[in-house]
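Colleague: Starting off with a structure, shown below.
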Amino acid sequence: MIRTQGLAYQYPGTPNAAVLQFPDVDVAQGAVLLLSGPSGCGKSTWLALVAGLVAPSAGTVEVAGQPLHALKSVASDAWRARTIGFLPQKLHLSAALTVQQNLAMAQWAAGQPEDGTAIHAALQALGVDELAQRTPAQLSGGQAQRVALARAVLLQPRVLLADEPTASLDDEAAADAVALLLATARTHGATLVIATHDARVAALIPAGVEGQIGFQPLHLLRKQLSKEERSA
Ligand code: ADP
Ligand code: MG
């Protein structure tokens, strides 16, 4: 589950920038939240707030029953690694490492011993186990995204956050990517958030599959100054 209240964020060192203010959300465990809205409206910032990567300027975030402000900084890294799976827009696979080693890094980062069995199971679930010894440069874009998704769910997270997962994909690949995210989140019982400015994505998410998948559109809009406000 993800619950936010009165969430706002202003990037430090930008006193004249608008404060990003977010509508409250209450997403049940295992549900899907589509975070839509135009580029620059704050989707990636919202994901960073919910992942506990940045602290809000105002408001509260609760993820999987844990109020983020109550986490001590030392505990928060381990908590985040265990609880949050992140599929970033830029996949951040280490070019010098094999696919297998990239996934092992996620286990090390979480303070866990390397577990090759879990790595192969995660790769296999996404159909890329045979690519385990390749480096990222030897993968197609779609394969690299599957590897990054395998890494994101390797530690059985409660929440899976995907940032612009269909960027630069054609219609067929975009549909595949969304279907894969839905299926993967469902397998793990994870709450899924898809942040996107891609108008195609909404149509790719079923409105509700036997009550298993909640669907909650959230459209973030930056406040536009009216003509009167501008001239005042
Ligand atoms: P989205 O993901 O919806 O495109 P972002 O969350 O990336 O939007 O950005 C929201 C706003 O915050 C934008 O106006 C952007 O320019 C600004 N912003 C993003 N990152 C930074 C940063 N590191 N420093 C200052 N402003 C930023
Ligand atoms: Mg973004």
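Colleague: Is it possible to state the helix-based mean residue ellipticity at 222 nm for the chain, with each DSSP H run of 4+ residues giving -39500 (n - 2.57), the sum divided by total residues, to the nearest 500 deg cm²/dmol? What is it?
Modeller: On the way: 7 runs with 76 residues, N = 232.
Using -39500 (n - 2.57) per qualifying helix, the result is -10000 deg cm²/dmol.
Colleague: Could you give the dipole magnitude of the chain about its Cα centre, charging the beta-carbon of Lys and Arg +1 and that of Asp and Glu -1, in debye to the nearest 20? It would help to have the intermediate numbers written out before the result.
Modeller: On the way: 16 positive and 18 negative charges, 111 e Å.
Roughly 540 debye for the chain.
Colleague: Distance between Cα centroids, the stretch 19-34 to the stretch 67-92: provide it in whole Å.
Modeller: After rounding, the separation between the Cα centres reads 17 Å.
Colleague: Based only on other Cβ atoms within 10 Å, what is the fewest-to-most ordering of ASP129, ASP24? If you can, show how the numbers build up before the last one.
Modeller: Numbers: ASP129 16, ASP24 12.
Ranking ASP129, ASP24 by Cβ neighbours within 10 Å, fewest first, gives ASP24, ASP129.
Colleague: In the chain, with Lys and Arg counted as +1 and Asp and Glu as -1 at Cβ, which of these residues, ALA28, ALA150, ALA185, has the Cα nearest the positive end of the dipole, that is, farthest along it?
Modeller: Checked the options; the winner is ALA28.
Colleague: Now for a different question. For a quick protection proxy, order the peptides 100-106, 144-150 by their average other-Cβ count within 10 Å, most packed first. Write down the numbers at each step before the final one.
Modeller: Details: 100-106: 20.1, 144-150: 24.3.
By packing density, highest mean first, the sequence is 144-150, 100-106.
Colleague: Using 0.36 nm times the number of residues separating THR135 and ASP115, minus their current alpha carbon distance, what extension gain do you get? Walk me through the intermediate numbers first.
Modeller: On the way: separation 20, 0.36 × 20 = 7.20 nm, distance 1.91 nm.
Full-extension gain reported as 5.3 nm.
Colleague: Taking the Cα atoms of the chain, what is the range of coordinates along each of the three principal axes, in descending order and whole Å?
Modeller: In descending order, the Cα extents are 62, 42, 39 Å.
Colleague: Which order do peptides 164-177, 45-58 fall in by mean Cβ count within 10 Å, highest first?
Modeller: Descending mean neighbour count gives 45-58, 164-177.
Colleague: Among LEU123, ALA162, LEU68, which residue has its Cα positioned farthest towards the positive end of the charge dipole of the stretch 2-223, with +1 placed on the Cβ of Lys and Arg, -1 on the Cβ of Asp and Glu, and the dipole taken about the Cα centre?
Modeller: The listed residue farthest towards the positive side: LEU68.
Every number in this text was worked out from the coordinates using simple rules, so none of it is lab data. A quick note: this is a predicted structure, and the numbers were derived from the prediction, not measured. No Cβ is skipped: glycine too gets one built from the backbone with ideal geometry, and neighbour counts run over all protein chains shown.
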